[in-house]
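Below: the structure, in structure tokens.
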Amino acid sequence: MSNKMWGGRFQSGPDALMEEINASIDFDKRLWAQDIRGSLAHLSMLEAQGIVGTADAKAISDGLEAVRGEIEGGTFTFSRALEDIHMNVESRLAAIAGPAAGRLHTARSRNDQVATDFRLWVRDTIDELDGQLADLMTALAEKALAFHDAVMPGFTHLQSAQPVTFGHHLLAYVEMLGRDRGRFADARRRLNESPLGAAALAGTSFPIDRRATAAALGFDRPTANSIDSVSDRDFVLEALAAAAIGAMHLSRFAEEIVIWTTPQFAFVALSDKFTTGSSIMPQKRNPDAAELVRAKAGRVIGALVALLVVMKGLPLAYAKDMQEDKEQAFDALQTLSLATAAMAGMVRDLRPDTARMKTAAGAGYATATDLADWLVRELGLPFREAHHATGRLVGMASAKGDAPLESLTLAEMREVEPRIHEGVYAVLGVENSVRSRTSYGGTAPDNVKAQAERWLKALRS
């Protein structure tokens, strides 16, 4: 028998395999709230424009609210035979409201309908993610403020480089996440145009008011080109690009937590809340939450790549390929949400071992750059000469059983540079080192405290 949604062109139903590959209801049913919201806005406009009569509009509106109640109450039956969320809602509406329900689809197509629904969903999800990212930033800034003067080694190439503070290191991630929020905000601003009323691809001959439906749905304006309206998925790609970068940032921090919790580093500890044990090794405490955050970045990045590949060869306007825009986007943004929440929990849970970090900060001659800077600043050496002299002094200290630079006597230092005086010892300790980094954005504890307080004030307002 023919499919009642497709009309008389088809004399029989689809093959079972066609139904299997064509159906999207298993995943796009999560758009039900946006679909009903969009339909109510469209209906209100149709009534205002005199395209649908008041009595029919009332029957349709009541029917849509009844469908909403059934879905919220868990009594709605989603049918794969009806393909997608739009047809499922429309079919049930017809059963509730009768023939009047058929008027709802006037002056729209599933093409502009799904584009509208999906924009609404992405926008709603961006707003939720923004709140979660802000919460993670708050957790990091609070921890940074509490440990603004706790010295730890700073790394390049994962080798000890220069001492920094733990608070300064955490604030680096606050800066990254702030940019992530900015990228999502940019994506939200660009997506906030309504495709509703573009119909299949060419617009409609009915006297619709697209500005009214755009305003009703919280969009800034209607989209300006009907072909682009139904064929554009840049709004999903931009959200996924922001998500991929954000997931990468979370993964970098997760990697550091994994490293820091090893016995070899032991910079921080996580409680039982965010660790697991081993089925065979009773001593183990595994940072599984961090490891999973690190791994889940691959799913988010993969979703971006997958949709780019889907879209790259599509001629205008709509093609069924675009049905593949949702499943991975749903998964990716939900995955980022979960990873962000888990990371916020870990940040609040982790306990730094400040003594251990301070000891490690002095290893590997991390204050060598401070010594070179002192030679330039106090003795007027060109930096390359100061660099060479400092290298020789590091060699001397290393030859004494990896002794720290501050253990060298003044006489030993003067073998390398005769003008070195007692003032050199003021820059050689790790705490002296971090205190000296007072340039804007530097790791001096007063700087870190001020930056943490600035971020917390902004986040809490």
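Overview of results
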{"item": "Total residues in the range 250-270, condition part of a loop (DSSP other than H, G, I, E, B), of a type outside the set (Ser, Thr, Tyr) and in contact with a Leu (Cβ under 7 Å, 6 or more places away or on another chain)", "result": "1"}
{"item": "Some residue of the range 434-455 being in contact with a Gly (Cβ under 8 Å, 6 or more places away or on another chain), under 19 Å from residue 160 (Cβ atoms) and open to solvent by 20 Å² or more (accessible area, probe 1.4 Å)", "result": "no"}
{"item": "Flag for residue 180 being buried (at least 22 other Cβ atoms within 10 Å of the Cβ), of a type in the set (D, E, K, R) and either closer than 29 Å to residue 140 by Cβ or at pLDDT 95 or above (or both)", "result": "yes"}
{"item": "Subset of the range 365-403 (residues that are among the acidic types (Asp, Glu) and open to solvent by 50 Å² or more (accessible area, probe 1.4 Å))", "result": "378, 385, 402"}
{"item": "Residue within the range 424-431 that is of a type in the set (Asp, Glu), touching a strand residue (DSSP E or B) at 6+ places or on another chain (Cβ under 7 Å) and open to solvent by 50 Å² or more (accessible area, probe 1.4 Å) present", "result": "yes"}
{"item": "Residue list for the range 86-112, filter: small (Gly, Ala, Ser), open to solvent by less than 30 Å² (accessible area, probe 1.4 Å), closer than 25 Å to residue 230 by Cα and part of a helix (DSSP H, G or I)", "result": "91, 101"}
{"item": "Unique match (being assigned to a helix (DSSP H, G or I), crowded, with 22+ Cβ neighbours inside 10 Å and without any contact (Cβ under 8 Å) to a residue 40 or more places away in the chain) among 247, 214, 239, 243", "result": "214"}
{"item": "When residues of the range 250-267 are limited to those that are open to solvent by less than 10 Å² (accessible area, probe 1.4 Å) and more than 17 Å from the chain's Cα centre (by Cα), the one nearest to residue 112 (Cα to Cα)", "result": "257"}
{"item": "First in the range 199-210 and within 17 Å of residue 227 (Cβ to Cβ), second anywhere and aliphatic (A, V, I, L, M) and at pLDDT below 95, Cβ under 7 Å, 6 or more apart", "result": "201/317"}
{"item": "Only listed residue being open to solvent by less than 30 Å² (accessible area, probe 1.4 Å) and either farther than 17 Å from residue 241 by Cβ or not charged (D, E, K, R) (or both), chosen from 355, 317", "result": "317"}
{"item": "Tally, over the range 74-85, of residues that are under 31 Å from the mean Cα position of the chain (by Cα) and either β-branched (Val, Ile, Thr) or assigned to a helix (DSSP H, G or I) (or both)", "result": "1"}
{"item": "Some residue of the range 23-32 being open to solvent by 20 Å² or more (accessible area, probe 1.4 Å), more than 28 Å from residue 324 (Cα to Cα) and in a helix (DSSP H, G or I)", "result": "no"}
{"item": "Residue that is farthest from residue 355 (Cα to Cα), among those in the range 126-178 that are assigned to a helix (DSSP H, G or I) and free of Cβ contacts under 8 Å to residues at least 12 places away in the same chain", "result": "131"}
{"item": "Checklist (1) more than 26 Å from residue 27 (Cβ to Cβ); (2) in contact (Cβ under 8 Å) with a residue 24 or more places away in the chain applied to residue 316, failing item", "result": "(1)"}
{"item": "Residue list for the range 43-67, filter: part of a helix (DSSP H, G or I) and open to solvent by 60 Å² or more (accessible area, probe 1.4 Å)", "result": "44, 47, 48, 54, 55, 58, 62, 65"}
{"item": "Helices (runs of 4 or more DSSP H) contained entirely in the range 350-461, each with at least 2 residues that are without any contact (Cβ under 8 Å) to a residue 24 or more places away in the chain and small (Gly, Ala, Ser)", "result": "383-399, 445-460"}
{"item": "Unmet criterion (only one of (1) in a helix (DSSP H, G or I); (2) open to solvent by 10 Å² or more (accessible area, probe 1.4 Å); (3) at pLDDT 95 or above) for residue 201", "result": "(1)"}
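Condition check ((1) under 26 Å from residue 330 (Cβ atoms); (2) hydrophobic (A, V, I, L, M, F, W, C)) across all residues:
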site: 202; (1), (2): no, yes
site: 214; (1), (2): yes, yes
site: 236; (1), (2): yes, yes
site: 251; (1), (2): yes, no
site: 275; (1), (2): no, no
site: 285; (1), (2): no, no
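The values are calculated or read from the model by the stated rules, or taken from the named source; none is laboratory data. None of these values were measured; they are calculated from a predicted model. Backbone-built Cβ (ideal geometry, glycine too); neighbour counts: all protein chains shown. When the accessible area is computed, the model is the full protein with side chains, heavy atoms only, and any ligands, DNA or RNA have been set aside. Shrake-Rupley method; radii C 1.70, N 1.55, O 1.52, S 1.80 Å.
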